[in-house]
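Enquirer: First the structure, then my questions, so here it is.
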There are 2 protein chains.
Amino acid sequence: MAKGLLVIISGPSGVGKGTVIQRFIHDPALNLAYSVSMTTRKMREGEVDGVNYEFVSKDEFLRARDNGELLEWAEFVGNYYGTPLKNVEKLREEGKNVILEIEVEGCQQVQKKCPDAVSIFIIPPSIEELERRIRGRKTEPEEIVQQRLDKARKEMSMLQNYKYVVCNDDVELAADIISLIIERHIHYNQDKQQ
Amino acid sequence: MAKGLLVIISGPSGVGKGTVIQRFIHDPALNLAYSVSMTTRKMREGEVDGVNYEFVSKDEFLRARDNGELLEWAEFVGNYYGTPLKNVEKLREEGKNVILEIEVEGCQQVQKKCPDAVSIFIIPPSIEELERRIRGRKTEPEEIVQQRLDKARKEMSMLQNYKYVVCNDDVELAADIISLIIERHIHYNQDKQQ
């Protein structure tokens, strides 16, 4: 059995990543799996350790990070989040294709450790269209909308770090094309390992 | 019969655009055709007017351009080159999918006139790899190599103007994935026009 792929999906907030991924995540031909992330944030009611997240203390997190046990990590509002390499590797060894939905900085970290990762960035048809989507989604303070747009512009200037860029103009089309890219890489991977 | 697609392929000099395109240009499933470009440069021995190029005078070219008859145009070392809209439209009306291999500026001109064009930018795995390919190809003066690399960096900061970006790490893989993108768009186009 061939070792599974590592697939990275990134894209600005509001581009519709979640909707696109939902359309192909359960496609049996793609054999995809999410890996369990590690976090220092408090467990919420209904969450299960080792299922939703691997809940750890800040010390444990930093030790794992400093020991090179994390494929990528980031800090959000005082909590740490990371992708343990061993969780990803276990799934890949079982032949699963692991999908990571991460930020641009995370992608750069992963690509250093796994240069064969299939990285895909989803872009909006234009910044104007992204703005319409962000504003249409919910009423957010103007300051937050502007922060999201600034971040999107910054991210979109780093597209050359990805292997593929796909425009989400039509959700069905974007999801199909990402599926085709992943499927083609699965075959490529299998051929190489034979 | 559905009207054909307009497919734009761009990418920095040295990225291997020609090699990639050669792998799928004759694929019958894609039904691709090149349109004949217009130029003011002198006809070379063996070239046929209306086959290799539509050879015109500078006055004729500028008149066509100013009348909005060109989908895109550019000037290279004193000669003008352009894509007559009517040549492209004729092929598309016949159901052919027209492929244009053009520069970033040309792509922006085309997208204004044909927002439904399927634009694909081919990137190298890295600027360092592009440099290796440019240097490996032939012995060019250092100045020219640096000019090519500067141009590539500038082009690669404009990737967000394309619908798709595909990395040419492995020629076969890149060509297959571009074929898959074009094929998916052919079906999308046919469905929409039904």
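Enquirer: Taking each label point as 7 Å beyond Cα in the direction of the beta carbon, state the distances from A:Met43 to the same residue in the other copies, shortest first, in nm.
Expert: 8.2
Enquirer: Check the straight Cα-Cα distances from B:Lys163 and name the lysines below 19 Å, setting aside those fewer than 8 residues away within the same chain.
Expert: A:Lys17, A:Lys154, A:Lys163, B:Lys17, B:Lys112, B:Lys113, B:Lys154, B:Lys192
Enquirer: Each label point is 7 Å from the Cα along the Cα-to-Cβ direction; what then is the distance between the points at A:Lys112 and A:Asn161, in nm?
Expert: 1.0
Enquirer: How far, in nm, would the chain grow between A:Asp150 and A:Tyr34 when pulled straight, counting 0.36 nm per residue and subtracting the alpha carbon separation?
Expert: Details: separation 116, 0.36 × 116 = 41.76 nm, distance 2.89 nm.
Result: 38.9 nm gained on full extension.
Enquirer: Residue-wise, which Karplus ³J(HN,Hα) couplings in Hz belong to segment B:158-163, taking 6.51 cos²θ - 1.76 cosθ + 1.60, θ = phi - 60°, and x for glycine or proline?
Expert: Working through the residues one at a time gives 10, 4, 5, 7, 9, 7 Hz.
Enquirer: Could I ask something else about it? Can you list residues from other chains, or at least 5 along the same chain, whose modelled amide H is less than 5 Å from the amide H of B:Leu71?
Expert: Here the answer is B:Thr83, B:Leu85, since their amide H atoms fall under 5 Å of that of B:Leu71.
Enquirer: OK, next. Quote the convex hull volume per residue of segment B:95-194, based on C-alpha atoms, as a whole number of Å³. Kindly include the intermediate steps, with their values, before the conclusion.
Expert: Working: hull volume 11.6 nm³, N = 100.
Output value, Cα hull per residue: 116 Å³.
Enquirer: Would you kindly state how much longer the chain becomes between B:Asp59 and B:Asp169 on full extension, computed as 0.36 nm times their sequence separation minus their alpha carbon distance, in nm to one decimal?
Expert: Details: separation 110, 0.36 × 110 = 39.60 nm, distance 4.33 nm.
Once the chain is fully extended between B:Asp59 and B:Asp169, it gains 35.3 nm.
Enquirer: Let me ask something else. Kirkwood Rh, Cα Rg: Rg to Rh for the protein assembly as shown? Spell out each step's value before the answer.
Expert: Working: Rg = 23.4 Å, Rh = 23.1 Å.
Over the Cα atoms of the protein assembly as shown, Rg/Rh equals 1.01.
Enquirer: If you wrap a convex hull around the alpha carbons of segment B:39-124, what volume per residue comes out, as a whole number of Å³?
Expert: Numbers: hull volume 11.4 nm³, N = 86.
Cα convex hull per residue, to the nearest whole number: 132 Å³.
Enquirer: Tell me which residues come under 5 Å, amide H to amide H, from B:Val36 once H is placed; ignore anything under 5 positions away on its chain.
Expert: Correct list: empty.
Enquirer: Mind checking the log10 I(q)/I(0) for segment A:1-55 at q = 0.19, 0.25, 0.28 Å⁻¹? Debye, one equal scatterer per Cα, no solvent, two decimals.
Expert: So the normalised log intensities are -0.95, -1.07, -1.07.
Enquirer: Let me ask another. Viscosity 1.002 mPa s, temperature 20 °C: what is the translational diffusion coefficient of chain B from Stokes-Einstein with a Kirkwood Rh over Cα pairs, rounded to a whole number of µm²/s?
Expert: Values: Rh = 17.8 Å.
After rounding, the answer is 121 µm²/s.
Every number here is computed from the coordinates shown, using simple stated rules; none is lab data. None of these values were measured; they are calculated from a predicted model. Cβ: placed from backbone, ideal geometry, glycine included. Neighbour counts: every protein chain shown.
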